[in-house]
1. If we sort 292-299, 357-364, 592-599 on the protection proxy, mean other Cβ atoms within 10 Å, highest first, what's the order?
2. For residue 197 and residue 400, compute 0.36 nm times the residue count separating them, minus their Cα-Cα distance, and round to one decimal in nm.
3. Using a simple spin-label model with points 7 Å from Cα along the Cα→Cβ vector, what separation in nm is obtained for residue 384 and residue 21?
4. Fewest to most neighbouring Cβ within 10 Å: what's the order for 492, 590?
5. How would you order 61-74, 576-589, 439-452 from highest to lowest mean count of nearby Cβ atoms within 10 Å?
6. Suppose R0 equals 30 Å; then what is the FRET efficiency for residue 311 and residue 189 from their Cβ-Cβ distance, rounded to the nearest 0.05?
7. I'd like the projected area of segment 459-533, averaged over all directions, using the convex hull of its alpha carbons. Report it in nm² with one decimal.
8. Label-point separation (nm) for residue 280 and residue 512, each offset 7 Å from Cα along Cα-to-Cβ?
C-alpha cells in the first residue's frame, strides 16, 4: 500500500474523515463523550495555575492585601484539587466506557462486513489480501480507525487550549504601554501584527516539519507489516508447538530460524535509519518553536517593563502563549497526521463498500404440493471468479426426495463446487437450480439456507461448551443435543465429559477445557447438522478423520440418523458409498455416471469401476 494521501484534494480528506467519525459515532455515546470530558478537564487544569499565579504575584507586587492573598491561595489549592479530581473521574469513566469497547469499536465494521458480504468475495484472494493489509496496518501502527480516535482526542485538546489561551492572552495586545515610555512603539499595530505572524508562522512550520518527519512511519508501515509476519512465523509458528518441534530436530531446521533472525536484524538497522530521519525533522521543529517563543517572551517582558501591566501578568501571558502554541501546533500536527492516516482509512472504506451482488430473494420457502422439497440442477455451468476453467459443465441432476445420494470423483472433479452452488454460496454462471420448480435465487436467502444441515470438510468448532457447539447457540434444547450426539456416535465420549454438555471444548476461554481428537470433532460437527433438523443433510467427507470402526458405526446407523431427510454424501472412499441409494460420479466438472453401486461397478469401462478397483486393491488379499 503506497501513501498517496498528498495527491488527494481537501474534499476527499474531509469526506473520508467525516465518514470515519460517523463510524466512531455509531458506537455508544459514552465512548466519545467520556473522552471529550477528560480532554476538557486536562486542558483546563493548567489555566487554573496560570491565572491564579498571575493574580497572586500581582497582589504581592502591588497592594499586598493579606485577605485577598489568602483567598487566592485557597482558591488555587481548591480548584487544583477539584481539577485533579475531575481528571481522575473522567479518566475512570473513559476507562470503563473505552477499553471494553475499543477493540470492538475498531473491528466491528470489519466483522459486520465479513458476516454479511457475499461468499464469493470472502473467497476472493484480492479481498483477503486487502483485508490482511488493513488488519496489519491497524494492529501494528494503529492506522485507520484507531488513529482517527487518537487524533480526535488531540485535536479536541488543542482546540480547548487555543480557545482558553486566546481568552487569557487577549489583554496582552489591548493593554497599551504609556505614551511617555521609550517603548511606546510596542503599541504599534505593526508590532502586534508581527508578533502574531511570528506566532502563527512558527506554530505552522513546526507542525509541518513534524508531519514530514512522521510520513516516514507511514511509508515504513508496509515493511513493519512484513517484519511482523516474519516474527510471527519464525518466532511463534515455527519455533513453538510440538508439531514443529519434531521437524526442527529431525531435519535440522535451526538454520532456517536463524535466517529469519538475520532478516530481523537487517530490518532493525533500517528502522534505526528511519528513526534518525524522523528525529532530524522533530529537532528542527523544536528549534523553530523555541526561537519563536523566545521573541514572544521578549515582547511580553518589554511591555511589562514599560508599565503596560504588572509583573505577575507575565506568568499569565507567557503561560497563555505557551498553551496557545501547544494547542495550535497540536491541531495542525494532527490534521497533517490525519491526512496520512486517510490513505489507510480509504482502504478500510473501500473494503466496507464492496457491493453485495447476490440476489437476496423474497419468496417464502415452503414444501411443494407433495409435502416435500424437490431440488434440481438444470444445465448448470460454473467457473470461479478470475478463473477461465469451468468447475462444472452443463450439470443436470435431480435429487430424489428422501434418498441418499453419494457424490464421488477425483480431487477437482467438481463435487464440493456442486455443494457450494446447492447452498447458494455461489450462483451458477449459466443454467439454474430450482426448488419445487422455482429458481432458488427467488427465495429469501436466509430462509433457503435454513433447509440445509451441512458438514463441510473445513468445519470449525468453537471454544464454547459442547452443547453450544452442537446447537451453535448459547441457548439450546439439552435433550435434542444429547440425541444428536448419540446419533453421531459421540455417546461414549459424552459420558466421559466432566460437565456433560456444559464441558468447554479446548482451552481458549476455560483452563479446564477438554481437548478432543479430530475424529471426535467430526462427530460433534455431524451432531450439529442433525440438531438443525433440516430437510436436507449434506456431508462433505464427514468420516475422513474417523478410524475404520467408528466409520463403520456411522454407516451402520446412517439411515436411522437421517430418517426421512434427503442426504447428499461426498466421499473419496468408495467403500463408504455402498449404503447410498444413488451414486453420482463426477470427473473434470461433469456428471459422467449415475446409479447404485452394483450397476456402476458392473460397467468395466466406467470411471467408477476404475476408482473402485484402484482403492479395492489395498483391501483385497492377493491370494
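Every number here is computed from the coordinates shown, using simple stated rules; none is lab data. Just so it is clear, the structure is predicted and the values come from calculations on it, not from any experiment. Counting neighbours? That spans all protein chains shown, and the Cβs are built from the backbone with ideal geometry, glycine included.
1. Per-residue mean Cβ counts within 10 Å order the peptides as 292-299, 592-599, 357-364.
2. Length gained between residue 197 and residue 400: 64.6 nm.
3. Taking the two extended label points, one gets 4.4 nm.
4. Taking fewest neighbouring Cβ atoms as first place, the list is 492, 590.
5. Those peptides, ordered most packed to least, come out 576-589, 439-452, 61-74.
6. 0.75
7. The number I arrive at for segment 459-533 is 4.4 nm².
8. Calculated label separation equals 6.2 nm.
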